[in-house]
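The values are calculated or read from the model by the stated rules, or taken from the named source; none is laboratory data. Model, not experiment: these values are computed from the prediction. Every residue, glycine as well, gets a Cβ built from its backbone with ideal geometry; the counts of neighbours run over all protein chains shown. Heavy atoms of the whole protein, side chains included, go into the accessibility calculation; ligands, DNA and RNA do not. Shrake-Rupley method; radii C 1.70, N 1.55, O 1.52, S 1.80 Å.
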Amino acid sequence: MADLLLGWVNDEIGLHKHVSNLGPAWSTGYLIGELLNKHNQQSNLGSFQRKDTPDAKINNFCLLEPTIRRLNIKFDSKVAFAIMQGDTGQTSKLLYQLKMAMDRLEKFSAPVSIREAKPGMGTRKALPNVPVRPSHSKVNEKNHEMFEKNLRIILEGGNDVMTRKTLKRFKDEEEKQLRDLEQFKVDTNNAAVQKILDIKAVRMNQKKEEAKRLSAQQQETMETWENNQAKARERKNVKMRVTKKLQRMKEDTLSGMKLTDQHTVVDQIRDFEVRLSKLDNPPPVSGASRTTNNDPNAAVSDKRGMERDVANQMKSITDRKKLATEKSIAREKRKRRFLKSQEEAEIEGFHVLGVEMIKDQLTRKTVSERKVEYDISEISKHKAMAVENRTYRNLQYKQRAEVDSEEALKRDNAFLESGKVTMAAAITAQETRVAMAGEASTSATNKRTLLLVEDTVHTLVDLALVCAGYRSYAKHYEYNITDEDPAPLEVWSDMKRAYV
């Protein structure tokens, strides 16, 4: 039977998806609604929900209940709950009953519309109209309410739909109040908002101009830095060239001094040799009156004088040589001190450079840290702008607080005015009711008095008629008695008790 029903549903009806079981696939009720819609029995398929939630199931089965009852199929909350739980037996039973009902409608009802058949299933199929049953609106409405109530009690979490329906009007009112409040805010804050937008536009323009100025300044700073770096490199090159030139000049000077000293020594040695050669044949001294006259003692004394001159000359040469040597030694010492100081300075520079390099290695910063420092430096350059922005923000906060306070006061005033109008209407209605109650009380009092008087008059008239009848019966006038009443006192008392 299950295979027949699945074949009927999948091959002949053609739902929006292929159904492979008669249990959980039908638990939401949507497929049952689609099946009835295919047979022109469920026109509100758009109100069904495909969700597998308690609210969606209750909504779908509440929409199915009137249609299934109209087809003379027993369908209550227990059957619906069993189908929701995926009961295969109840689902197959309901589908079988629906199939039988649809077959009866197709046989005995006139077609009113058609639906397309599935590919390979032949031509289009005629659909019958919804069956007409005697209308019992109040009974059907009560049954539907009872069905929904029982279904919510049985199904866990089903009361959310009823709660949502109950709270819908309150939510609608809340949305209406919120829309009115938003419109009120728009109406009251339009000028303030426009002013804020204008100020914001001015601030944005100022920021853009400031950004352009800072960009140009930064570009100029970069160009200046590049020019300074180029100048520093040029100065370094010039210093290197000057240093090399001075070194060459120093070397040339030292070599020239050495060559000069060599020539001087060679010349002095040559002069000394010349003088020694002249000792053997001394020339006559001009302006001197030395005459030996072939005297050996005079020749000896002259030779001794020449020796003294030569000795003096050699002494002066030695002194000059010693002085030159001392100067050369002093120059060499100064040179060594200078070179030593230069080496020490260079070594110290190397040490300082090494310390700086190690320090740079140890204190090296990442790109993000340098960027943060750069941003901080840029921000610190524009402290005035930061102060101005902070002042502007504080002004905005103050204006916003004033606007909020004014809106709160207006809302309170509107609420009080609404309460005042409501209270005035209630007082007016109460006064009307009190006036109507007074009028009703006065009218009832007058009517009661009128009824009492009318009853009294009727009683007196009846008593008078009875008395007249009794007198006629007793023939009072035949006795011609004017002062005495022929009716005894007992009779009068009975008649009075009867009418009073």
For this session: Pop out the ³J(HN,Hα) list for the range 383-399 in order, Karplus 6.51 cos²θ - 1.76 cosθ + 1.60 with θ = phi - 60°, rounded to Hz; leave Gly and Pro as x.
Result: 5, 5, 5, 4, 4, 5, 5, 5, 4, 5, 5, 4, 5, 4, 4, 5, 4
For this session: List the residues whose amide H sits under 5 Å from the amide H of Gly29, counting only those 5 or more places along or on another chain, with H placed 1.01 Å from N in the peptide plane.
Result: none
For this session: Any chance you could look up the accessible area of Arg104 with a 1.4 Å probe, heavy atoms only, rounded to 10 Å²?
Result: 120 Å²
Problem set entry | Whether the range 1-101 is rounded, prolate or oblate, judged on the alpha carbon gyration tensor where a/c under 1.5 counts as rounded | rounded
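How much length is gained if the chain between Val242 and Tyr392 is pulled fully straight, taking 0.36 nm per residue apart and subtracting their Cα-Cα distance, in nm to one decimal? Working shown, then result.
Numbers: separation 150, 0.36 × 150 = 54.00 nm, distance 6.03 nm.
In short, 48.0 nm is gained.
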For this session: Using θ = phi - 60° and the Karplus relation 6.51 cos²θ - 1.76 cosθ + 1.60, list the HN-Hα couplings for the range 36-43 in order, rounded to whole Hz, with x at every Gly or Pro.
Result: 5, 5, 4, 9, 6, 10, 10, 7
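If you roll a 1.4 Å probe over the heavy atoms of the protein chains, what accessible area per residue do you get for the range 313-357, in Å²?
Numbers: 3940 Å² over 45 residues.
With all protein chains present, the range 313-357 gives 88 Å² per residue.
From the square roots a ≥ b ≥ c of the eigenvalues of the alpha-carbon gyration tensor of the range 330-377, which class results: rounded (a/c under 1.5), prolate (a/b over b/c), or oblate?
Cα axes put the range 330-377 in the prolate bin.
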Exercise. What's the FRET efficiency of His351 with Asn228 using the Cβ-Cβ distance as r and R₀ = 30 Å, to the nearest 0.05?
Worked result: 0.65
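Can you put Met249, Met102, Met306 in order of accessible area, largest first, using a 1.4 Å probe? Can you show the working numbers first?
Numbers: Met249 100, Met102 5, Met306 40 Å².
The residues order as Met249, Met306, Met102, largest area first.
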For this session: Would you give the gap between the C-alpha center of the range 380-441 and the C-alpha center of the range 314-336, rounded to a whole Å?
Result: 111 Å
Problem set entry | Nearby aspartates and glutamates by direct alpha-carbon distance to Lys176 (threshold 19 angstrom, same-chain neighbours under 8 apart not counted) | Asp187, Glu407, Asp412, Glu417
Problem set entry | Listed residue pairs exceeding 31 Å between alpha carbons, taken from Lys51/Lys99; Lys212/Lys236; Lys38/Lys171; Lys212/Lys359 | Lys212/Lys236; Lys38/Lys171; Lys212/Lys359
Exercise. At a probe radius of 1.4 Å, what is the per-residue accessible area of Phe147, in Å² to the nearest 10?
Worked result: 10 Å²
Seminar exercise, completed: For the range 373-381, in residue order, the Karplus 3J(HN,Hα) values (coefficients 6.51, -1.76, 1.60; θ = phi - 60°; whole Hz; Gly and Pro = x) are 4, 5, 4, 5, 5, 5, 5, 5, 5
Seminar exercise, completed: Each label sits 7 Å from Cα toward the beta-carbon; between Glu141 and Gln430 the label points are separated, in nm, by 3.5 nm
Seminar exercise, completed: A student applying the Cα gyration tensor rule (rounded when a/c is under 1.5; otherwise prolate if a/b is larger than b/c, oblate if not) would label the range 54-94 oblate
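Give me the accessible area per residue for the range 386-438, probe 1.4 Å, as a whole number in Å². Present the calculation step by step, with values, prior to reporting the outcome.
Details: 4230 Å² over 53 residues.
That works out to 80 Å² per residue.
Could you do me a favour and compute the accessible area per residue for the range 187-226, 1.4 Å probe, result in Å²?
Working: 3380 Å² over 40 residues.
Result: 85 Å² per residue.
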